[in-house]
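A short worksheet on the structure shown next.
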Amino acid sequence: MNEDVYVLGIETSCDETAAAVVKNGREILSNVVASQMESHRRFGGVVPEIASRHHVEQITLVIEEAMEQAGVSFADLDAVAVTAGPGLVGALLVGVNAAKALAFAHGLPLIGVHHIAGHIYANQLVADMKFPLLALVVSGGHTELVYMEKHGDFAVIGETRDDAAGEAYDKVARALGLPYPGGPHIDRLAHEGEPVMDLPRAWLEEGSYDFSFSGLKSAVLNALHNAKQRGEEIDPRQMAASFQASVVDVLVTKTIQAAKEYRVRQVLLAGGVAANRGLRNALQDRMKELPDVELLIPPLSLCTDNAAMIAAAGTVLYQQGKRADLTLNANPSLPLV
C-alpha cells in the first residue's frame, strides 16, 4: 500500500455525473463534474429516467478524465469510493456498478459512501474537522442538523418533517416563473428586494431542532394566487427576499441554538443550498455569538454534488477498515445512522 492514500470517488445520486481523485482525504487531484441541468430545465425538475441515461453515457468519460487530470493510474489507487445512497435509484445504480466493475477489475477495495456524509466531508477538503462539531446540511432533498463526536459518527438531532429547504426553493421559484433550478434565482432576486412580506416561520415545539417548510411554501403560493385573483401583482423581488428571510432565519437560529447546547468546537455548512449567499452571510453574522466556535463553509464548487466529497468521506471509511463487497447495491433511502 502507498504511504499516501489515493481514493477515486464516484457520485451519480441525482443529475451530476462526477468522478474525482483525492489524496489523503484532503488534497483534490481532480474533480470532474458533468452537469445535466440543461436537459432537465425544460421539465422544471429532474426526470429520473433521463438522469440515468445521461449517467450511462457520461460515466466512463468522466472517470477517465478524472484519472487523467490527477495523473494517476489504477495501480496508484488504494480504493474506489462511490455514493450508495440516498438518491434516485436508477442514477445510483450507474455509479455503484461502475465502481464495482473497477474495484473487481483492478483488485481494489470498494467503499460505499452515504451522500450526506459526503456533503459533510466536503469541509475536510477546506480545513481539519474538529470534534465535537455540528453540521447543517441543506440541499434539494435534505435539511438536517448532524452532531458528530468523531469521524464517521453521525447523530441526526434535527431534520425536515416535510419539504427540504431546496425543494421549497424550487417550488416557490416555479410559482414565480423562474427557471429550474430555482435556488440561485431566488437568492439573486432576494438581494434585489426587501423582506417586507409577513411570511410564517415554523419553529415547531420548544426545544425541537426539526424543520418544516411546507407551510411557508403554501403561504407563498396562496399570497401569489390571492393577489392574482384581485388583479394585483406582487413584486417577485420582495417575495423572494421575504421567503428567503424566513428560511434562513429558521435554519440559522436552530443551528446557533444547537451549537450552544451541544458545546461544539465547529459548525459546518454543507449541501447544495450552502451555496446560497443569504444563508452563508446570515450564518457568518450570527456565529459572532459563538466567538470560540469555528465556522467552515466549503467553496461553491464543493457545495453542489461532486465526487471529491465522496472520496474524502470514503478515505475516512478506508482508514477505519470499512469495506463493501461486490453485493453492494444502490439504496435510495439509505439512512445516515
**Request:** Could you state the angle between the C-alpha long axis of helix 89-106 and the longest principal axis of the C-alpha atoms of the chain, as a value from 0 to 90 degrees rounded to the nearest 10?
**Result:** 20 degrees
**Asked** Setting aside same-chain residues fewer than 8 positions from residue 228, which lysines have a Cα under 29 Å from its Cα?
**Response** 171, 217
**Prompt:** Can you give the FRET efficiency for residue 155 and residue 333, using 1/(1 + (r/R0)^6), R0 = 25 Å, r = Cβ-Cβ distance, to the nearest 0.05?
**Reply:** 0.85
**Item:** Computed P(r) (all Cα pairs; segment 231-337; 10 Å bins; percent)
**Value:** 11, 31, 31, 18, 7, 1, 0
**Message:** Taking just the alpha carbons, could you work out the radius of gyration and Dmax for segment 1-154, both in angstroms?
**Reply:** 15.7, 48
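Once the Cα gyration tensor of segment 48-92 is found, what semi-axes does its equivalent ellipsoid get, as square roots of 5 times the eigenvalues, in whole Å, sorted largest first?
So the three semi-axes of segment 48-92 are 24, 14, 6 Å.
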**Message:** On C-alpha positions alone, give me the angle between the axis of helix 48-70 and the longest principal axis of the chain, in degrees, nearest 10.
**Reply:** 50 degrees
**Fill in**
Length gained, residue 229-residue 74, 0.36 nm per residue minus C-alpha separation, equals 49.6 nm
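Can you give me the accessible area per residue for the chain, using a 1.4 Å probe, in Å²? Write down the numbers at each step before the final one.
Values: 14410 Å² over 337 residues.
Ligands and nucleic acids excluded, the figure is 43 Å² per residue.
If eta is 1.567 mPa s and T is 4 °C, what Stokes-Einstein diffusion coefficient results for segment 120-160, Kirkwood Rh from Cα pairs, in µm²/s? Mind showing how you got there, number by number?
Numbers: Rh = 10.7 Å.
Approximately 121 µm²/s, per Stokes-Einstein.
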**Prompt:** In whole percent, how big is the carbon plus sulfur part of the accessible area of segment 48-109, probe 1.4 Å, protein atoms only?
**Reply:** 59 percent
**Message:** Using only the Cα atoms of segment 1-50, what are the Rg and Dmax in Å?
**Reply:** 14.9, 48
**Asked** On a 0 to 90 degree scale, rounded to 10, what angle separates helix 308-319 from the longest Cα axis of the chain?
**Response** 50 degrees
**Fill in**
By the Kirkwood definition, with r running over pairs of different Cα atoms, the chain has a hydrodynamic radius in Å of 20.4 Å
**Prompt:** Of the heavy-atom accessible surface of segment 190-242 (probe 1.4 angstrom), what whole percent is carbon and sulfur?
**Reply:** 45 percent
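The values are calculated or read from the model by the stated rules, or taken from the named source; none is laboratory data. Model, not experiment: these values are computed from the prediction. Here Cβ is always computed from backbone atoms with ideal geometry, including for glycine, and neighbour counts include all displayed protein chains. Quick note on the areas: whole protein, heavy atoms, side chains included, nothing else; ligands and nucleic acids left out. Shrake-Rupley method; radii C 1.70, N 1.55, O 1.52, S 1.80 Å.
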